[in-house]
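For reference, the structure is listed below as structure tokens.
Bear in mind these aren't lab numbers, they're just calculated from the coordinates by the rules spelled out. Note that this is a predicted model, so its numbers are computed, not measured. Here Cβ is always computed from backbone atoms with ideal geometry, including for glycine, and neighbour counts include all displayed protein chains.
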Amino acid sequence: MKFAIAALLLCIAAQAHAYLNVDKAEDAFPLVDNEGKAAILLIDDDSPPGLQWIADTVSRDIEKVSGVRPRISNHLTTEKSPIIIAGIVGESRHVGALASRLKLDLTTTASSWDGYHIESLNDGGRPVWLIAGNNLRGVEYGLLDLSEKIGVSPWYWWADIPVLPQASLYLNGDTRIEDAPKVQYRGIFLNDEAPALTKWAKKKFGGFNAKFYKHIFDLLLRLKGNFLWPAMWDSAFADDDKQNAELAAMLGIVMSTSHHEPMMRADVEWNRYGKGPWDYAKNPQNIYMFWEEGAKRYRDKPAVFTLGMRGQADTPMSENQNIALLEQIVADQRNILTSNFPNTRIEDIPQVWTLYKEVQSYYENGMRVPDDVTLLWSDDNFGNIRRLPTDEEAKRVGGAGVYYHFDYVGGPRSYRWINTVPLGKIYEQMSLAYRKKARKIWIANVGDLKPMELPIDFFLKMAWDPESFDGRSADKFLAQWSSRMFPGSDSESITDIIKTTLLVNGQRKPEALDSETYSIINYDEALRYSSLLATRVKQADDVKAVLNPNLHDAFFQLVEHPLRATQAVFELNHQLALNNLFGAQRRAEINGTAQSIREWFARDGELTNIYHEMNNGRWDGMMLQPHIGYVHWRNPPANLPPAVSTKALVEVADMGVAVEGSLDWWPAIEFRHEKLELPPFTRFGKKSRSVFIYNRQASAFPFSVTSKDSWIVVSQEKGVVNESIELKVTIDWSAVPERKAVSGSFTVVGTGWGGAVINVFAENEGRDGFGFMEGDGVLSIEAANSHVAIEEGWETLVQHGRTGKAIRYLPQHRNNGSKVTYPVHFAHKGDFPVYIEVSPTQKFNPESNLLFGLSLDDFEPVWLSALGEDYLRSWENDVLNNVRVIKTTIHVPESGQHLLTLWGKDEGVVVQKIIVDTGGLKPSFLGPPQSQFKQKEK
């Protein structure tokens, strides 16, 4: 425990704006001193109720850590005991008096939206810790920042992060912090909340009432958020419990309603109270009155009013665009606001128009709203922002924002079970939004909230200060997050586990995974990720074995369950692919894969049960979203086990032989008078190839391997096959002349006539050259590569793309033409197809086609669009595969050394991988692994 506490304190001390004093220096502020005496928390007697609530919360937080609860006082005593003074600049008498006595300049804080000022001071010999806010939220953020610094995680309630005790607490005596958000409204949307969140909330709280929402508001404020779209599938925030809206207002939470719920009225409220059809062309009077009630009940509460109209249940309003009608709707909605806010200018009432799905087309076809209305642009539901402000649009008074998705119900595939959004993707898209001046509202659809703890944390911290994030911040953030969540643990391993989980789920979401996704015959694709996941599971077991038991529940929720659940779905589909292959090749092993499929399906259910049972059923109901058995965009009614094949076996021996890279098998191939053939070997290609000797029935049999070609090396020359044996075949390159190609074979004898002949071909291109070496008929390069220099204008992105890294083009000071150059060595010459894997970025700038260039040596670049030939038509496949493939060709005049160069042109192009097919490219999901890199000889 002492080690864990020390690790926590060191971790906290390493954070930005850290002020916990581990050494207890003489000038440190004694929050709780060595004698167990706590500082007094001083607030005005007429402080807003929300400030009193948060002051009480922080007092309890200090008690959780130290065992001592600070007294909350409204009066400054003459004694010199340490005090925390908290209040709003310009409103708090205590803050004003202190500023006057000490001649403090709080003007920066006073003029900053949601800003706060923290400073350690000495007031005539009395230690003072000042927390002054521009508004109520600013003070709340400053107070709750103190809670986090002493070890109360924002996720203490939502992720069962325990508070580690510390008898005394000292804060740095030289602390002075001024901070304020760069994005005005920063929040989350609880959506797609049935069955999981709904069932859990009903069981624990009786529904989405104030008892539930107080925990949502607490989390939001601790993460320095201020904005919420509430749960709405079958609930109405302001109608279900009148205290919901009152509590939000008291705490300063700015409420709004989702993109298709105008004027602070929930979708289901029309079902409860509406009269007539939800059609403004036919029923304007009743709908107008319905909306007016929404305006009336939020006259005295912080809110952003959603304008416009869509159909009920988040559907298009009509089959055809009716821009004139929608413009009339907006005009009437603003008239409602003018009538019900007689003392407020319409321009000063926060309003937003969300350009989601078909609504964006209304804008693109000419519809406009008044200049003071915020335009909320949206992503494509898969994390790719569809549109951002042009330079002219960025001048609008109402500004712009982004509605972003971590969860989605709809085509081409719903995904809402576990977190599948890599942090680097969030950074790349939201930093682009910030660069393009979309800074008014950032809101993320977080589904049930519970499985999205990590991206929520990242998103809201980035919304606070986007300028402090860069392309490598995802790694830094995750490392710090792992340390904060699990003090005293092997946080490096935890970071690796989370990164792998998100890498696999970022390649293709579990709901979209099937048996044909990863190749089981080419590039060891499925096997590589199967092995990686198994390694991470072993790593998780090792971490947990020495982890503080108090952290086990949190570890399961944040690390272990996402990993094991990902593995279960992956392996179910992996084994299903093998089941199909083994059935086609008549392997006795098919029965083992059938059993494995049943076990992995059962394991998936067991993991959900563990989630429900831990901590006395605290999270019973969560993680219930069906995710196995999709055949359509909509989820199946429950997790559905796949159909599997089995085989009745006879007690005889019957040999079969198959080779890597082929569906063919012996003896069936003999019917066509053909031979099995391994993929060709090349000097800089894959080092070994696999041959599988298997039993087609139930009795074991001996086998032997013979060959007349000494350069063919087989890992095993004889043995006994029960179910199967894998032989590794390699080449003795010393026996193959340089720049020569040779062919040979070996024979596997077991049961049956003659035996299986396996042909082998090897080409020795020689040892010359450096850089990325062509091998096995391909040149494969991951764009973000430590072997090459990334010029200014290109940014390396970590935790992004299907390889875990990518590069994007962000021109600075009009530095068009900056490039990334890769040294390459070709074994062949000719005209070769090139496949450039880019992220499926949308046309966020209507004036840009996302152009970039590719050239070889001194040839002129070919200019390509990262949108592809028809990005709207290819969108479904692009987002499911998390990549868009841009095709071109290059001319290689001679084999040998060359330079392959990417050229920047348009902002926002993200390149993941470059593949040149020189004749050996095989079908697969992720393409060939990166080519061998050979250093230039000195």
Quickly rank 867-876, 780-789 as a protection proxy: mean count of other C-beta atoms within 10 Å, highest first.
780-789, 867-876
Would you calculate the separation in nanometres between label points at N550 and N335, each defined as 7 Å from the Cα along the Cα-to-beta-carbon direction?
6.2
Ranked by how many other beta carbons lie within 10 Å on average, peptides 83-89, 278-284, 233-239 from highest
83-89, 233-239, 278-284
Can you put D46, D448 in order of Cβ neighbours within 10 angstrom, beginning with the fewest?
D46, D448
Packing-based order for 764-774, 641-651, using average beta carbon neighbours within 10 Å, highest first
764-774, 641-651
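If you stretched the chain out fully between E347 and A534, how much longer would it get, using 0.36 nm times the residue separation minus the C-alpha to C-alpha distance? Mind showing how you got there, number by number?
Numbers: separation 187, 0.36 × 187 = 67.32 nm, distance 5.73 nm.
Separation in residues times 0.36 nm, less the Cα-Cα distance, equals 61.6 nm.
Taking 8 Å as the Cα distance limit and 6 or more residues as the minimum spacing, I'd like the relative contact order of the chain as a percentage. Don't jump to the answer; show the numbers that get you there.
Numbers: 2012 pairs, mean separation 84.1, N = 938.
Result for the chain is 9 percent.
For the pairs K211/K275; K395/K805; K476/K686; K149/K499; K282/K843; K214/K282, note any where the Cα-Cα span goes beyond 29 Å.
On the way: K211/K275 31 Å; K395/K805 34 Å; K476/K686 34 Å; K149/K499 26 Å; K282/K843 36 Å; K214/K282 40 Å.
Exceeds cut-off: K211/K275; K395/K805; K476/K686; K282/K843; K214/K282.
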Once a ≥ b ≥ c are taken as the square roots of the eigenvalues of the Cα gyration tensor of the range 2-179, is the result rounded (a/c under 1.5), prolate (a/b larger than b/c) or oblate (a/b not larger than b/c)?
prolate
Taking H placed 1.01 Å from N in the peptide plane, check which residues at least 5 places from L851 or on another chain put their amide H under 5 Å from its amide H.
A866, D906
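For the range 185-470, just say rounded, prolate or oblate: build the C-alpha gyration tensor, square-root its eigenvalues into a ≥ b ≥ c, call rounded for a/c under 1.5, and beyond that prolate if a/b exceeds b/c, oblate if not.
Values: a/c = 1.38, a/b = 1.11, b/c = 1.24.
Because its axes are fairly even, with a/c under 1.5, the range 185-470 counts as rounded.
Please give the net charge around D105, taking every other residue with its beta carbon less than 12 angstrom from that of D105, where Lys and Arg add +1 and Asp and Glu add -1. Spell out each step's value before the answer.
On the way: positive: K103, R176; negative: E119, E178.
Surrounding charge for D105 is 0.
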For the chain, percent of DSSP beta bridges that are antiparallel (nearest 5) comes out at 70
With n ≥ 4 as the cut-off for DSSP H runs, can you work out [θ] at 222 nm for the chain, using -39500 (n - 2.57) per run divided by the number of residues, rounded to the nearest 500?
-9500 deg cm²/dmol
In sequence order, calculated HN-Hα J values of the range 441-450 (Karplus, 6.51, -1.76, 1.60; Hz; x Gly/Pro):
9, 10, 9, 10, 6, 10, x, 7, 6, 4
Taking a ≥ b ≥ c as the square roots of the Cα gyration tensor eigenvalues, with a/c under 1.5 meaning rounded and otherwise prolate when a/b beats b/c, else oblate, which class fits the range 391-488?
oblate
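Around E119, with a cut-off of 10 angstrom between Cβ atoms, what is the net charge of the other residues, counting Lys and Arg +1 and Asp and Glu -1? Walk me through the intermediate numbers first.
Working: positive: R176; negative: D174, E178.
It works out to a net charge of -1.
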Can you give the FRET efficiency to the nearest 0.05 for V650 and R272, using r as the Cβ-Cβ distance and R₀ = 60 Å?
0.35
For a bin width of 5 Å, list the pair-distance distribution of the range 491-617 built from all Cα-Cα distances, rounded to whole %.
2, 10, 19, 21, 19, 13, 8, 5, 2, 1, 0
If I take all pairs of Cα atoms in the range 804-861, what percentage of them are more than 16 Å from each other?
61
Fully extended contour minus Cα-Cα distance, from V22 to S688, at 0.36 nm per residue
234.3 nm
Choose one of H574, I521, Y611: the residue whose Cα lies farthest towards the positive end of the charge dipole of the range 491-617 (beta-carbon charges +1 Lys, Arg; -1 Asp, Glu; about the Cα centre).
I521
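In percent, how large is the relative contact order of the range 655-764, given Cα pairs closer than 8 Å and 6 or more residues apart? Mind dumping the intermediate values first?
Details: 242 pairs, mean separation 33.9, N = 110.
Relative contact order for the range 655-764 comes out at 31 percent.
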Step through the residues of the range 241-253 one at a time and calculate ³J(HN,Hα) from phi using the Karplus curve (6.51 cos²θ - 1.76 cosθ + 1.60, θ = phi - 60°), rounding each to whole Hz and writing x for Gly and Pro.
8, 4, 6, 4, 5, 5, 5, 4, 5, 4, 8, x, 6
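Using the Kirkwood radius over Cα pairs, work out the Stokes-Einstein diffusion coefficient for the range 655-764 at 4 °C and 1.567 mPa s, in µm²/s as a whole number. Before the final figure, lay out each step's value.
Details: Rh = 14.3 Å.
Reported coefficient: 91 µm²/s.
Between H673 and A194, what's the calculated FRET efficiency when r is the beta-carbon distance and R0 is 45 Å? Round to 0.05.
For H673 and A194, the calculated efficiency is 0.15.
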If each residue of separation counts as 0.36 nm, what is the full-extension length gain between K718 and K202 once their alpha-carbon separation is subtracted?
179.3 nm
Rounded to whole angstrom, the alpha-carbon centroid of the range 678-704 lies from that of the range 808-883 at a distance of 39
Provide the descending list of Cα extents for the chain along its principal axes, expressed in whole angstroms.
100, 71, 61
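Please identify every one of the trypsin sites (Lys or Arg not before Pro) in the range 533-613 that sits in a loop by DSSP and has no more than 11 other beta carbons within 10 Å of its own beta carbon. Display every interim value, and only then the final one.
Numbers: sites: R536, K538, K544, R564, R586, R587, R598, R603; in loops: R586, R587.
Those that pass, being in a loop and sparsely packed, number zero.
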Determine the relative contact order of the range 185-470: mean sequence separation of Cα pairs under 8 Å and six or more apart, normalised by residue count, in whole percent.
19
Working note, the range 433-573: Cα radius of gyration (Å, one decimal) and Dmax (Å, whole number) are 16.8, 50
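Too long at a 31 Å Cα-Cα cut-off: which of K544/K687; K436/K509; K204/K425?
Checking Cα-Cα distances, K544/K687; K204/K425 exceed 31 Å.
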What is the sum of charges around S530, taking Lys and Arg as +1, Asp and Glu as -1, for the other residues whose C-beta is under 15 Å from the C-beta of S530?
+1
